[in-house]
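Undergrad: Let me begin by handing over the structure; questions about it come next.
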């Protein structure tokens, strides 16, 4: 393999692994958000500090996820939908956080489920053989 062909392969693998790490972290963060949100709703006011920090972390990780998905799409010209869905999760997560007040929980909670579904769809795709062209998972 020539040096010129190794660079695109390396950037593709880097984008793939960055997306894998980001979306896996994102899924874990959503589970933690459910736990801290539930803890808060059962009367533990201290859980709101963790829930707020989790929301900020979700915004950051969603941004990284979106960037990695865009880089992977650019490198492979594969499916565009993981990038669009990642960007939608990133944008809507700000709306969802804004709806976190007491009067808007009837919107906040269902929207969290919608966001989690978006994350899980990208998560399932990025760990599937389709995401890396059927090659071994390490690439």
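Undergrad: Out of the range 86-104, which residues are touching a residue at least 24 places away in the same chain (Cβ under 8 Å) and crowded, with 21+ Cβ neighbours inside 10 Å?
TA: Listed by number, the residues that qualify are 86, 89, 90, 93.
Undergrad: Could you identify the single residue in 75, 62 that is surrounded by fewer than 18 Cβ atoms within 10 Å (Cβ to Cβ) and closer than 30 Å to residue 131 by Cα? Lay out the reasoning, then the answer.
TA: Values: 62 fails: surrounded by fewer than 18 Cβ atoms within 10 Å (Cβ to Cβ).
The unique qualifying residue is 75.
For every residue, the table says whether it meets (1) without any contact (Cβ under 8 Å) to a residue 12 or more places away in the chain; (2) under 26 Å from residue 13 (Cβ atoms); (3) touching a strand residue (DSSP E or B) at 6+ places or on another chain (Cβ under 6 Å).
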position: 50; (1), (2), (3): no, no, no
position: 83; (1), (2), (3): no, yes, no
position: 106; (1), (2), (3): yes, no, no
position: 117; (1), (2), (3): yes, no, no
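Undergrad: Can we say residue 57 is more than 12 Å from the chain's Cα centre (by Cα), modelled with pLDDT of 95 or more and surrounded by 15 or more Cβ atoms within 10 Å (Cβ to Cβ)?
TA: Working: more than 12 Å from the chain's Cα centre (by Cα): no; modelled with pLDDT of 95 or more: yes; surrounded by 15 or more Cβ atoms within 10 Å (Cβ to Cβ): yes.
So residue 57 fails the test.
The values are calculated or read from the model by the stated rules, or taken from the named source; none is laboratory data. Since the structure is predicted, the reported quantities are computational estimates derived from the model, not experimental observations. Virtual Cβ from ideal backbone geometry, glycine too; neighbours counted across all protein chains shown.
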